[in-house]
Every structure is written in structure tokens, then in C-alpha cells.
Amino acid sequence: MKSMESGCFRQKLESPLTRGNTRVLQINLGRVCNQTCAHCHVGAGPTRTEKLSEEGVEGCLSLMDRLPHLQVVDLTGGAPELHSGFRDLVVQARARGLEVIDRCNLTILQEKGQESLAEFLAQQGVHVVASLPCYSRDNVDRQRGDGVFEGSIRGLKRLNRLGYGAAEGRRDHDSNLQLDLVFNPGGATLPPPAHVLENDYRRVLKQDLGIVFDRLITITNMPISRFLGQLRKEGKEQDYRQLLEQSFNEATLPGLMCRETLSVEYNGRLHDCDFNQMLSMGLTADSESGEVPDLWTVTEEQLVDREIATGEHCYGCTAGQGSSCGGSLVEAPAAEKTNP
Ligand code: SF4
Ligand code: SF4
């Protein structure tokens, strides 16, 4: 099975990247969002209309039963909670014994019509992964919009009251309501070492605001979509691309999320990851038949060992400590640890 795209990134690899067993089904429910963040790689916002159809929701449920190694259903958007099929997907995935992740922007918890959302997530034991790119009001509002920090803090307090984050990352705690926070840099830099930043977040949020959480996830900004527009406006695109390429770290390759994730687009097209989805890079075509599987027909057999579609944007996942929807992929180099 041949790659759709090759170039400098491909030349860094000894052999093409290939998929393993599909453990994570990431469903992008659409581009509608109540926010318009500057770094958004989806270009989401209130005026977008694209969304997964009812048949698409059915197709995702049926696919859950066809992937024997599936463990996690990861719901993303836009704001996935705004989709009318969101709660059904959660309930049905949980009934299948799957972990469900909600990529939640926190302010959605206060939107009209979402009054019962926090309780629903807690009742279903949904793992909440929430964006909070800084613990400073100014930085959050600059990146995500005026008033977003305040709304995010209100959302976090509400989740905490329901028991989210009570374990604070400890394994000896009986709370199973996991709350992770997501950090991404405000500009054209790599994220600092996750463990250093996590300690800062924990200290400031607890001391100043009484907020607890389980884990801090650091994500590298991808030079695509709205963030690419920002880089171009600031004349920093080439420097940032160079930084990512020069920071290539081979040790990140085994843990890349595309090896175990299947990303579903709102129109039923399949991708190796959400970033490829935004770049309209579908799964690679079969070298003999030329066929590309879709949501309604794909099987695990068609996915295993399939070559992953890569491009220059993949440097965003392989730079420094690496990056994925689950955070960094390897420990930060020693120099970074002592010099945050
Ligand atoms: S980053 Fe998240 S919260 Fe912000 S606009 Fe994009 S989808 Fe919405
Ligand atoms: S962008 Fe990242 S996750 Fe997606 S194919 Fe490239 S390396 Fe894999």
C-alpha cells in the first residue's frame, strides 16, 4: 500500500510508517464550535455548518463492533457536545465497555441548552480532556477569546464538584472521573517539558482557584489551518517549520498516534489522524486495487500494516518530546528538564 505523499519527512524515516491494531476511534462530529481560537487546527467556529450525518453516527456505532482491538472512542470537533448525536454515541460506546473521551472546551458547559452536560458526562464516566492553554487569564483570553478564562474556570469548578480530577493523577484514589488539561503554546515555540509545566499548573490552579485535575497534556501547534494563518500574518511560518524539522526526534516514531488511531471525518471519510483530516489526506490507497476504505465498509484487516499518509506537517508530532492527542510521546531531553 503506497503513501499519498512523500518528501523530506519521508526521507527521515528508515521505512514508511505503518498502522498497527486500531485501539482508538476518533470521531470528528463537525466544525461547529462556540469559540474561535487562534490556534485552532480545525478552523472551527459558530458559523461553520459541517457535521456528521445521522447515517454517519450509525456508521460509527457499527464500526465500533467491527474493530476487535478498539478500547477508546475519542469525540472531538468543533465542540462535539453541540452535535445532536453526541449523547447517543457516548451512551452506546460506554454500553460496549469502551472508554469515551470528550475533548471539551469547558465554556460549552455554560452554553444555553447544555445545562445538564456536566452531570451527563459524570454519570457516563466520560474522560474529559479540557483545553486550558495557560493558568493566566490574559494568555487564555488572547488565544481563545475574551471571557474564555473565566468561563473555563467556572467549567472546571463544576466538574470538580461532580468528582472530576479528585484523584489528582493518583492511582490509589477511588475516583474514576478523569479530568486532563491541555496546554498548547501561544506562539511559534515547542511546548516545555510536560512534567515541569504540570507541577506549575497544579500549584497555581489549586492554590489560587481550588481546582484539581489528573494530568496535563502538552500539544505542539500544527502549522495548518488557523494557526498557519497566524504564523503567516506574523511572518513566522518558515522559522516555525524549521524549528519543527530541526527538532525531529526519532524516538517519537514508535508512539505516534496514527499507528493506533482511526480518524472519522463528518462525511464518512477516514484518515490516519485528525491533522491529516484537516489537510484532506485520507487513508492511503490499496496498491493493487487502488481502493480506499470508508466508514461504512472498513475492516481491521484492511487497516493493519497499511502505510500511513505522511507529509511535512508530521514534524509537528515528532519534534522534541513529540506530540499527540494524548500529549508528549517521550521524556524531555535532560537539558530541557533542567532548563525549563
Ligand atoms: S480549538 Fe477547540 S474550542 Fe477552540 S475553536 Fe477550535 S474546536 Fe473550538
Ligand atoms: S500528523 Fe502526526 S499523527 Fe498524523 S500522520 Fe503525521 S505523524 Fe502521524
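With both labels modelled 7 Å from their Cα along Cα-to-Cβ, the Arg23 to Gln246 distance reads 3.4 nm. Here the extension length gained between Glu312 and Glu291 equals 5.1 nm, from 0.36 nm per residue of separation less the Cα-Cα distance.
Its relative contact order, with pairs defined as Cα atoms under 8 Å and 6+ residues apart, puts the range 8-338 at 23 percent.
Pairs of Cα atoms nearer than 8 Å and 6+ residues apart set the relative contact order; for the range 92-185 it is 31 percent. Between the range 66-134 and the range 306-333, the C-alpha centres lie 24 angstrom from each other.
For the chain, DSSP calls about 20 percent of its internal beta bridges antiparallel.
With the Cα gyration tensor of the range 1-117 giving a ≥ b ≥ c as the square roots of its eigenvalues, does the rule (a/c under 1.5 for rounded; else a/b larger than b/c for prolate; else oblate) give rounded, prolate or oblate? Oblate shape, in that a/c is at least 1.5 and b/c is the bigger or equal ratio.
The residues of the chain present an accessible area of 44 Å² per residue when probed at 1.4 Å with all protein chains retained.
As a check on your grasp of the helix formula, calculate [θ] at 222 nm for the chain: sum -39500 (n - 2.57) over DSSP H runs of n ≥ 4, divide by the residue count, round to the nearest 500. Calculated from helices alone, the mean residue ellipticity at 222 nm is -9000 deg cm²/dmol. Taking a sphere under 15 Å around the Cβ of Leu75 and counting the other residues whose Cβ falls inside, with K and R at +1 and D and E at -1, yields a net charge of -2. Once the Cα-Cα distance is subtracted from the 0.36 nm per residue extended length, the Lys112 to Arg161 segment shows a gain of 15.6 nm.
Note on Arg94 and Asp138: the model spin-label points, each 7 Å out from Cα along the C-beta direction, lie 4.1 nm apart. Listed values for the range 25-33 are Karplus-derived 3J(HN,Hα) couplings in whole Hz (6.51 cos²θ - 1.76 cosθ + 1.60, θ = phi - 60°), namely 9, 9, 10, 8, 6, x, 9, 6, 8, and x replaces Gly and Pro. Here the calculated FRET efficiency for Val330 and Glu234, from their Cβ-Cβ distance with R0 = 35 Å, stands at 0.75, rounded to the nearest 0.05. The accessible surface of the chain, taken with every protein chain in place and a 1.4 Å probe, is 46 percent carbon and sulfur. Counting only Cβ charges, +1 for Lys and Arg and -1 for Asp and Glu, the dipole size of the chain around its Cα centre is about 940 debye. Close amide H pairs (under 5 Å, H built 1.01 Å from N) link Thr218 with Phe183, Ser328, residues at least 5 positions away or on another chain. The length gained on full extension between Gln11 and Glu55, counted as 0.36 nm times the residue separation minus their Cα-Cα distance, comes to 11.9 nm. What is the range 141-192 by shape, rounded, prolate or oblate, if you read a ≥ b ≥ c off the alpha carbon gyration tensor as root eigenvalues and call it rounded for a/c under 1.5, prolate for a/b larger than b/c, and oblate otherwise? Taking the square roots of the gyration eigenvalues as a ≥ b ≥ c, the range 141-192 is oblate.
The values are calculated or read from the model by the stated rules, or taken from the named source; none is laboratory data. None of these values were measured; they are calculated from a predicted model. Note that we place each Cβ from the backbone using ideal geometry, even for glycine, and neighbour counts take in every protein chain shown. Calculation scope for accessible area: heavy atoms of the full protein, side chains included, ligands and nucleic acids excluded. Shrake-Rupley method; radii C 1.70, N 1.55, O 1.52, S 1.80 Å.
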